[in-house]
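First comes the structure, then the notes that go with it.
The values are calculated or read from the model by the stated rules, or taken from the named source; none is laboratory data. Note that the structure is a prediction, hence the values are computed from the model and not measured. All Cβ positions, glycine included, derive from the backbone under ideal geometry; neighbour counts span all protein chains shown. Areas reflect the complete protein model, heavy atoms only, side chains present, ligands, DNA and RNA absent. Shrake-Rupley method; radii C 1.70, N 1.55, O 1.52, S 1.80 Å.
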Amino acid sequence: MRLFFITIPFLLFNPHLTGRIALHDQAASGGQELYNKYCLACHQTDGSGVPGMFPPLVKTEKVLGPAGELVKIILTGLSGTIEIGDEMYDSAMPALDYLSDKDISAILTFVRNNWGNRAKPVSPKEVAKVRSEIKKTP
Amino acid sequence: MKTLKRMLLSGSFLLLIFPGSCQQSKPSDKNQGDNGGLTLQPGFSAVVFADNLGSGRHLAARDNGDVYLALRSLKNGKGIVALRDKNNDGVADSAEYFWNTLTTGMDIRGEYLYFSNLTEVYRVLLFPGQLVPVEDPVLIAGGFPSQNQHQDKTFALDGANNLYVNVGAPTNSCTQPDRTPGTPGLDPCPQLERHAGIWRFKADVPGQDQVRDGYHYASGIRNSIALDWNYTNNKLYVVQHGRDQLSYLYPDLYSVQEGADLPAEEFFIVEDGDFFGWPYCYYDQIRKIKLLAPEYGGDKNAVGRCADAKGPIMAFPGHLAPNDLLFYTGSRFPERYRNGAFIAFHGSWNRAPLEQEGYYVAFVPFMNGLPSGDMEIFANGFAGVDIIKSPGNAKYRPMGLAQGPGGELYISESNVGRIWKIDYTPR
């Protein structure tokens, strides 16, 4: 058990982890197709978004931070102005709650591990958990 | 590393040459033999009048050559920047920021500077010789609903003391929720009551409210950031942003290519009581027909109620984002430009995954109030790259147009706030 706790930080900061990350990419290969279908129109092919309208998905805390927040945005959508860096974005994002837990997990894992992004994959289980929490709070 | 060192050295070198030029509006290179990065028609030249001003929107030029630029985000806590060329070398050497909200529209009539934000239009007196207004701006028209997209309350002024304000649609095509596949359009669309049209006000009466005092001049216009008054026939002209995402929302009906090309950005003459079709209709510029939108039962062929919607005088390819319109009344440019229309195309985002288009200023020749020739690209090269995959690739995005007192043309852009001044030298 103790060994397990020591190993995790080692894995996180291990520069030889590229093989493992490649595995994430592979796992998210369906993610790219789903991204193209549901997200690309606004967030663009390179995740750079549209200045003033749709925020970038590249190297921003909202994408790379805790997965729960990100899952919530996909499930409930977003409206109002948000600020990233010096730029404001004010177009509304529709809720994509009609997508399955598996599809959302694939999209988010793809988004979190592309265009220079590196963050933990998001599991369907995490998506399901957030979905049920949202249902509980009206 | 060597390059970096060289850049640093040349930077400090420039500072030594121009020790007094520390205003941030000052373009770094005064020679500017490269037209400020633009490609222009023969005989025309450009200089960078001012640079790095902020997120530029519309702009206006005064009789004395002062230029006022609207800023979509506050810079130094201010929403308008006033520019002056004090030493008459052709570029601004003074930049003063004022006003405490962001702004979008900008125009000058007589002694008054008119400007707007997302819900209001103001005006303020400009005293002779003074760059920054000293009086408090007065609210002329307000009470517009706040909304999450197409918010810019851009406007035009006519010669009879009227103010025409663009109120954009708060959605893509009047569905609830917005931009969600499989969602039918609300019918009738309740958003047409307060949005998606032009409201007319008196240009000199303070405190007017959209509902109480505004005259609902025209309807069914999705968003017309680009609008101008044409003094040759005394009519209002606008260029509409057509709806988005035909292919994304209706992949079984529209291919990716069709979604990128359709629908048109429409050029309208707007007269009292006109209805142009949003959200029920869109214009197919390839087949030259106004068609029923898929949210309202359209199948790419059905016309239905759109037979009654007023059509465009010209249709541009989809998603180019016409963000300003200017009828040229000067005599500095060749005769064929007189009374013709300049249009600033901000550039598309909605063609993805295909290459983006636009990002240029176009010219349309006019005769008797109607286009007399095809659209031509007047100024290009804003993006700084040949292929634009996403808007983020573009270095500059043309945004606003203004005519200077000598007939020169000013072009603003929205990324960093550069202003070019275009001149013409007869050969």
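When you go through B:TYR231, B:TYR254 one by one, which is the residue that is without any contact (Cβ under 8 Å) to a residue 60 or more places away in the chain, surrounded by fewer than 21 Cβ atoms within 10 Å (Cβ to Cβ) and among the aromatic types (Phe, Trp, Tyr)?
Values: B:TYR231 fails: without any contact (Cβ under 8 Å) to a residue 60 or more places away in the chain.
Of B:TYR231, B:TYR254, the one residue that is without any contact (Cβ under 8 Å) to a residue 60 or more places away in the chain, surrounded by fewer than 21 Cβ atoms within 10 Å (Cβ to Cβ) and among the aromatic types (Phe, Trp, Tyr) is B:TYR254.
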Is region B:352-370 home to any residue that is in contact with a Pro (Cβ under 6 Å, 6 or more places away or on another chain), buried (at least 24 other Cβ atoms within 10 Å of the Cβ) and within 14 Å of chain A (Cβ to nearest Cβ)?
no
The residue that is surrounded by the most Cβ atoms within 10 Å (Cβ to Cβ), considering only those in region B:197-210 that are of a type in the set (A, V, I, L, M, F, W, C) and part of a loop (DSSP other than H, G, I, E, B), is B:ALA203
Taking B:GLY110, is it within 14 Å of another protein chain (Cβ to nearest Cβ) and without any contact (Cβ under 8 Å) to a residue 60 or more places away in the chain? no
A:GLU83: passes all of (1) open to solvent by 60 Å² or more (accessible area, probe 1.4 Å); (2) modelled with pLDDT of 90 or more but (2)
- Item | Condition met for B:PHE342 (surrounded by 17 or more Cβ atoms within 10 Å (Cβ to Cβ), more than 17 Å from the chain's Cα centre (by Cα) and under 17 Å from B:PHE267 (Cα atoms)) | no
Those residues of region A:121-138 that are among the basic types (Lys, Arg) and modelled with pLDDT under 95 come to a total of 2
Of the residues in region B:113-153, those that are within 22 Å of B:ASP228 (Cα to Cα) and either surrounded by fewer than 17 Cβ atoms within 10 Å (Cβ to Cβ) or without any contact (Cβ under 8 Å) to a residue 40 or more places away in the chain (or both) come to B:ASN117, B:LEU118, B:THR119, B:GLU120, B:TYR122, B:VAL124, B:LEU125, B:LEU139, B:GLN149
For region A:45-83, the count of residues that are away from every other protein chain (no Cβ under 14 Å) and over 19 Å from A:GLY116 (Cβ atoms) equals 6
Checked pairs for region B:276-302, first without any contact (Cβ under 8 Å) to a residue 40 or more places away in the chain, second open to solvent by less than 10 Å² (accessible area, probe 1.4 Å) and hydroxyl-bearing (Ser, Thr, Tyr), C-beta under 9 Å and 6 or more apart or across chains, list as B:LYS290/B:TYR282; B:LEU291/B:TYR282; B:LEU292/B:TYR282; B:GLY298/B:TYR282
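Could you say which residue among B:ARG222, B:ARG212, B:ARG243 is in contact with a His (Cβ under 9 Å, 6 or more places away or on another chain) and either at pLDDT 95 or above or under 30 Å from B:MET367 (Cβ atoms) (or both)?
Every option except B:ARG222 fails the conditions.
Based on what the data block shows, is B:LYS395 open to solvent by 10 Å² or more (accessible area, probe 1.4 Å), within 13 Å of another protein chain (Cβ to nearest Cβ) and not hydrophobic (A, V, I, L, M, F, W, C)?
Working: open to solvent by 10 Å² or more (accessible area, probe 1.4 Å): yes; within 13 Å of another protein chain (Cβ to nearest Cβ): yes; not hydrophobic (A, V, I, L, M, F, W, C): yes.
Considered against the rule, which asks whether it is open to solvent by 10 Å² or more (accessible area, probe 1.4 Å), within 13 Å of another protein chain (Cβ to nearest Cβ) and not hydrophobic (A, V, I, L, M, F, W, C), B:LYS395 comes out as yes.
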Kindly indicate whether any position in region B:277-284 is of a type in the set (Gly, Ala, Ser), at negative phi and modelled with pLDDT of 95 or more. no
Flagged in region B:43-78 as under 24 Å from B:TYR337 (Cβ atoms) and without any contact (Cβ under 8 Å) to a residue 60 or more places away in the chain, in numbering order, are B:TYR68
Filtering region A:95-128 for residues that are touching a residue at least 40 places away in the same chain (Cβ under 8 Å), open to solvent by 30 Å² or more (accessible area, probe 1.4 Å) and more than 20 Å from A:LEU64 (Cβ to Cβ) leaves a count of 1
Among B:ASP152, B:ASP89, B:ASP85, B:ASP93, the single one that is touching a Ser or Thr at 6+ places or on another chain (Cβ under 6 Å) and either closer than 26 Å to B:ILE269 by Cβ or of a type in the set (Asp, Glu) (or both) is B:ASP152
Log entry, pairs with first residue in region B:413-425 being touching a residue at least 12 places away in the same chain (Cβ under 8 Å) and open to solvent by 10 Å² or more (accessible area, probe 1.4 Å), second being assigned to a strand (DSSP E or B) and among the aliphatic types (A, V, I, L, M), beta carbons closer than 7 Å, six or more apart or on different chains, reads B:SER414/B:MET399; B:ARG418/B:VAL48; B:LYS421/B:ALA46; B:LYS421/B:VAL47
Going through region B:211-227 in order, the residues found to be part of a loop (DSSP other than H, G, I, E, B) and buried (at least 21 other Cβ atoms within 10 Å of the Cβ) are B:GLY214, B:GLY220, B:ILE221, B:ARG222, B:ASN223, B:SER224, B:ILE225
Across region B:263-295, the tally of residues that are of a type in the set (A, V, I, L, M, F, W, C), open to solvent by less than 10 Å² (accessible area, probe 1.4 Å) and in a strand (DSSP E or B) stands at 4
(1) in a helix (DSSP H, G or I); (2) within 13 Å of chain B (Cβ to nearest Cβ); (3) open to solvent by 60 Å² or more (accessible area, probe 1.4 Å) all hold for A:CYS42 apart from (3)
All conditions in (1) open to solvent by 40 Å² or more (accessible area, probe 1.4 Å); (2) at the interface with chain B (Cβ under 9 Å from one of its Cβ atoms); (3) within 20 Å of B:SER390 (Cβ to Cβ) are true of A:ALA92 except (1)
B:LEU326 fails exactly one of (1) modelled with pLDDT of 95 or more; (2) surrounded by 20 or more Cβ atoms within 10 Å (Cβ to Cβ); (3) farther than 30 Å from B:ASP274 by Cα, namely (3)
